[in-house]
Amino acid sequence: MSEMQVKLLFPTKEIAEQYYRQLVYLACRTCYSEMKPEEIWGRIQNGKVRDEKMEELIAKVVASGHHSTIEHIWFAFSISGVSRTLSHQLVRHRIGIAFDQQSQRYVQFKNTDDLFVEPESIAQNPEAHALFEELRAKSAEAYQKLVQLGIPAEDARFLFPQAVTTNLVMTVNLRELIHICGLRLCTLAQWEIRRLFKKVRKEVMAVSPFFGRMLVPHCVHEGFCNELNNQDGHCRIRPPLTKAIEVYEKWRRGELVEKSG
Ligand SMILES: Cc1cc2nc3c(=O)[nH]c(=O)nc-3n(C[C@H](O)[C@H](O)[C@H](O)COP(=O)(O)OP(=O)(O)OC[C@H]3O[C@@H](n4cnc5c(N)ncnc54)[C@H](O)[C@@H]3O)c2cc1C
């Protein structure tokens, strides 16, 4: 069975450390300075702006919603061993992002053994697993048979289930990456795409903990959860919107007792 792999190809840690914080700071600072961007860049390059100062301004600007500033930095990933179920969801993201995906027209698959993703819920249930295995083997065998009969790969692929794997290159700017992680790191997101973005976050953290920490479920930024399936509040990252409003109303009426000590 196929194993999901995610690798950040660009930037390297050195490039991220040398340019990424600096570029976003440059974008922010240009808006509030008489200096030309090249002058600000010169000051950054000459070490006249401390890292903490850059991070402080970036954090303030991002919190204020001035998000064009974080469109200046990009992250390129290699993604492999994911299902077409996942890629179908992934490529719905349209803005500030580019994909290139392995073609099922031009690639004729010779090795179909590793070509499927099996969900854990199926793998852990012997009867479901047997059924999955049976259909997986049948569809792989039928695909090979059609190819042998001279059917083009672009038509033989119609036999593949959604579990079939695919590989992609994904390049995305930070603004869009924060947006996507906001949706896809939610504990209620579909498991495979959530797993993908956990790996994406880990990769970004390895080159830039400062930007990596911005990749969180959107409820973290917003302070409440608007997922309909969390009305009971079982996900405890943030309270459901209705609960948050209730607490706010109590606070407004002065009914909240502050804990001492
Ligand atoms: C939990 C969950 C369940 C989902 N269920 C379904 C489903 O059942 N069926 C289904 O079809 N899809 C479903 N989707 C996909 C969803 O509707 C979006 O297509 C997908 O999440 C892409 O996000 P986005 O629209 O924010 O696009 P992005 O390309 O990531 O856009 C980023 C932001 O840019 C802005 N933007 C982008 N394009 C436009 C535009 N044309 N006009 C105005 N503003 C724009 C919006 O503010 C948008 O949020 C689901 C997504 C999630 C997270």
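Computed from the coordinates by the stated procedures, all read-outs in this text should not be read as laboratory data. Bear in mind that the values here come from a model prediction, so they are computed numbers and not experimental data. Quick reminder, even Gly has a Cβ in these numbers, built from the backbone with ideal geometry, and neighbours come from all protein chains shown.
Restricting ALA137, ALA130, ALA142, ALA153 to those that are over 21 Å from TRP191 (Cα atoms) and touching a residue at least 24 places away in the same chain (Cβ under 8 Å) reduces the list to ALA153.
Can you say whether GLU127 is exposed (fewer than 14 other Cβ atoms within 10 Å of the Cβ), assigned to a helix (DSSP H, G or I), in contact with a Ser or Thr (Cβ under 9 Å, 6 or more places away or on another chain) and not hydrophobic (A, V, I, L, M, F, W, C), as far as the supplied structure shows? Spelling it out, it is not the case that GLU127 is exposed (fewer than 14 other Cβ atoms within 10 Å of the Cβ), assigned to a helix (DSSP H, G or I), in contact with a Ser or Thr (Cβ under 9 Å, 6 or more places away or on another chain) and not hydrophobic (A, V, I, L, M, F, W, C).
Just wondering, is there one or more residues in segment 89-101 that are more than 16 Å from the ligand (Cβ to nearest atom) and buried (at least 20 other Cβ atoms within 10 Å of the Cβ)? Within segment 89-101 (the criterion being more than 16 Å from the ligand (Cβ to nearest atom) and buried (at least 20 other Cβ atoms within 10 Å of the Cβ)), the answer is no, since none of the residues qualifies. The residue of segment 92-119 that is nearest to THR166 (Cα to Cα), among those that are without any contact (Cβ under 8 Å) to a residue 24 or more places away in the chain and of a type outside the set (S, T, N, Q), is LYS110.
Please specify each residue of segment 213-261 satisfying the condition of being in contact (Cβ under 8 Å) with a residue 40 or more places away in the chain and of a type in the set (S, T, N, Q). Correct list: ASN229, ASN230. Of the residues examined, GLY42 is one that is of a type in the set (Gly, Ala, Ser) and surrounded by 12 or more Cβ atoms within 10 Å (Cβ to Cβ). For GLU222, state whether it is within 30 Å of PHE10 (Cα to Cα), of a type in the set (Asp, Glu) and surrounded by fewer than 16 Cβ atoms within 10 Å (Cβ to Cβ). Judged against the criteria, GLU222 is a match. For segment 27-57, a tally of residues being in a helix (DSSP H, G or I) and without any contact (Cβ under 8 Å) to a residue 40 or more places away in the chain returns 18. Go through (1) surrounded by 15 or more Cβ atoms within 10 Å (Cβ to Cβ); (2) within 19 Å of ALA206 (Cα to Cα) and name the single condition GLU14 misses. Unmet condition: (1).
Condition first: surrounded by fewer than 18 Cβ atoms within 10 Å (Cβ to Cβ), over 26 Å from LYS199 (Cα atoms) and touching a Pro at 6+ places or on another chain (Cβ under 6 Å). Can you find one or more residues in segment 23-33 that meet it? Yes, segment 23-33 contains a residue that is surrounded by fewer than 18 Cβ atoms within 10 Å (Cβ to Cβ), over 26 Å from LYS199 (Cα atoms) and touching a Pro at 6+ places or on another chain (Cβ under 6 Å).
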